[in-house]
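Notes follow once the structure below has been shown.
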Amino acid sequence: MNKETNLTDMILDEGVIKFNYELIPAPPIELHEYQELENWRKKLFKLKLIGEYPIEKVGYGNISKRTDHSPNSFLITGSQTGHHKDLKGDHYTLILNADLQKQNVTAKGPIKPSSESLTHFAIYKASLEIKYVFHAHSAAIWKYMVEHNNDFDQTSENIGYGTLEMAEQVQSLIGNKTYGTIVMKGHQDGIIAYAKTPEECGSLLIDLVERSQL
């Protein structure tokens, strides 16, 4: 199997939900709850850090923020919404709780949760001070971070996205940190930023865009 075929297989695997989930049907999320996230999503979409692979027609990238609906709740973009330039309330879903070991997710909203919801949950569980998680895709940034492996946290190349192993390793990498970035070596082009504020989270990714272009 050649490198191009391997990449295609990884792209087609993107967006496949690998956990059990219960979606409690609910009306679209109100604007005031997702407006802050949407403002940053527009910027990431413009930078092509969120979007859709043009040939395979598979979306990539997702963002979330912690909420006060319940102790473990967070708002996240829905599954396969990457191709939309602008998202509305029916493109976001509220995660109420999750169980990493059982790989179960309970969500409430109009659309099924992102396939990366377990990883986001693991990050929020790592520290109560982490309020935002942005998961982006960039071949250039991914390559830059892998090559500069002494400067960045990275998951093992044999761990795929959306798995218990990915969630557990991400938690371990975060440790006591409250902001930072992670390159997902086993998830082609996948990178994560997490922080206390959306500005801090977004700036981490924008900085990587600039550094990878030098």
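The values are calculated or read from the model by the stated rules, or taken from the named source; none is laboratory data. Note that the coordinates shown come from a computational prediction; the quantities given were computed from them, not determined experimentally. Glycine also receives a Cβ, built like all others from the backbone with ideal geometry; neighbour counts cover every protein chain displayed.
Assorted remarks:
- Hits in the range 137-190 (condition: closer than 21 Å to residue 102 by Cβ and among the aliphatic types (A, V, I, L, M)): 159, 164, 166, 167, 170
- Residue ranges of strands (runs of 3 or more DSSP E) in the range 64-110 with at least 2 members in contact (Cβ under 8 Å) with a residue 24 or more places away in the chain, on the phi > 0 side of the Ramachandran plot and out of contact with any Gly (no Cβ under 9 Å at 6 or more places or on another chain): none
- Restricting the range 22-62 to residues that are acidic (Asp, Glu) and over 13 Å from residue 78 (Cα atoms), the residue that is modelled with the lowest pLDDT is 56.
- The range 161-184: number of residues that are more than 21 Å from residue 200 (Cα to Cα), assigned to a loop (DSSP other than H, G, I, E, B) and touching a strand residue (DSSP E or B) at 6+ places or on another chain (Cβ under 9 Å): 1
- Sole exception among (1) exposed (fewer than 15 other Cβ atoms within 10 Å of the Cβ); (2) touching a strand residue (DSSP E or B) at 6+ places or on another chain (Cβ under 9 Å); (3) at pLDDT below 90 for residue 11, by number: (1)
- Whichever residue in the range 125-144 is surrounded by 23 or more Cβ atoms within 10 Å (Cβ to Cβ) and of a type in the set (Phe, Trp, Tyr) and, among such residues, is nearest to residue 163 (Cα to Cα): 134
- The listed residues are 127, 172, 138, and the only one of them that is at pLDDT 95 or above and among the hydroxyl-bearing types (Ser, Thr, Tyr) turns out to be 138.
- On inspection, residue 86 qualifies as more than 21 Å from residue 190 (Cβ to Cβ) and out of contact with any strand residue (DSSP E or B) (no Cβ under 9 Å at 6 or more places or on another chain).
- Close pairs from the range 19-40: first under 21 Å from residue 98 (Cα atoms), partner of a type in the set (Lys, Arg) and crowded, with 16+ Cβ neighbours inside 10 Å, Cβ under 7 Å, at least 6 apart: 21/112; 23/112; 24/108; 26/108
- Failed condition for residue 111, given (1) closer than 20 Å to residue 198 by Cα; (2) in contact with a helix residue (DSSP H, G or I) (Cβ under 8 Å, 6 or more places away or on another chain); (3) of a type outside the set (Phe, Trp, Tyr); (4) buried (at least 18 other Cβ atoms within 10 Å of the Cβ): (1)
- Conditions (1) within 14 Å of the chain's Cα centre (by Cα); (2) within 25 Å of residue 21 (Cβ to Cβ): number failed by residue 183: (2)
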